[in-house]
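Before any comments, here is the structure.
The values are calculated or read from the model by the stated rules, or taken from the named source; none is laboratory data. Worth saying up front: this structure is predicted, and the values here are computed from it rather than measured. Cβ sites come from the backbone with ideal geometry, for glycine too, and all protein chains shown count toward neighbours. We work out accessible area using only protein heavy atoms, side chains counted, and drop any ligands, DNA or RNA first. Shrake-Rupley method; radii C 1.70, N 1.55, O 1.52, S 1.80 Å.
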Amino acid sequence: MTDYYEWTQAEPRALARFVRPQDGVDAFRLPRYINRLDLLQAEGPVGLAGALYRTVSQRGLNYDLAPFDPRSGVVQRVRAPAQILKEGRGTCLDLAVCFAAACLANDLLSLIAAVEGHAWAGVSLTRTRQKAGRAPKALAWDRGLLDDLEVAQALTGSEILWVECTG
């Protein structure tokens, strides 16, 4: 397991590689008394995402700047979930990737949005890993990348829930 991922910012699709449920998101799992399948059935993706958000936020993580890298602006070091826990802090991108991985580990389809120096995690409101189906506005996506802000805005609320992971 790695402490950091290196994201080459010229490759926005590469962010998806870092949403890895197997990289230390166990600490961000729901408490044992919450059954994710029951919660998903009863409250849908919003209820499950909310419970995951509360679980992550209870860790008391602080917002921080990216670790120093002389290649800043070209490469960004993204903390892995275990490193976020170890340090107790993360950037907006670190926390968005971590939350997206926790969602994916709990069968929610997650997204990452990186716009003008800030990042959010997104959760599909209509699809899960078990019932993925066709992506909404499928022709707007280019191999997993949606770079049309108007389409993203149109999907907000009906198809995608955006989550501010810095608290």
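What to note about this one:
- If you go through the stretch 57-83 and keep only what is open to solvent by 50 Å² or more (accessible area, probe 1.4 Å) and either touching a helix residue (DSSP H, G or I) at 6+ places or on another chain (Cβ under 7 Å) or of a type outside the set (Gly, Ala, Ser) (or both), you end up with 58, 59, 62, 63, 65, 68, 70, 71, 74, 77.
- Residues being more than 16 Å from the chain's Cα centre (by Cα), modelled with pLDDT under 90 and acidic (Asp, Glu) - total across the stretch 20-69: 1
- Subset of the stretch 84-104 [out of contact with any Ser or Thr (no Cβ under 8 Å at 6 or more places or on another chain), in a helix (DSSP H, G or I) and surrounded by 22 or more Cβ atoms within 10 Å (Cβ to Cβ)]: 84, 93, 94, 96, 97, 98
- Any chance residue 132 is part of a helix (DSSP H, G or I) and either more than 15 Å from residue 36 (Cβ to Cβ) or polar (S, T, N, Q) (or both): no
- Residue 17 falls short on exactly one of the conditions (1) within 14 Å of the chain's Cα centre (by Cα); (2) of a type in the set (D, E, K, R); (3) part of a strand (DSSP E or B), and that condition is (3).
- Of all the listed residues (49, 27), the sole one being surrounded by 15 or more Cβ atoms within 10 Å (Cβ to Cβ), in contact (Cβ under 8 Å) with a residue 40 or more places away in the chain, assigned to a helix (DSSP H, G or I) and at negative phi is 49.
- Residue in the stretch 67-83 that is farthest from residue 16 (Cα to Cα), counting only those that are outside any loop (DSSP other than H, G, I, E, B) and of a type outside the set (Gly, Ala, Ser): 83
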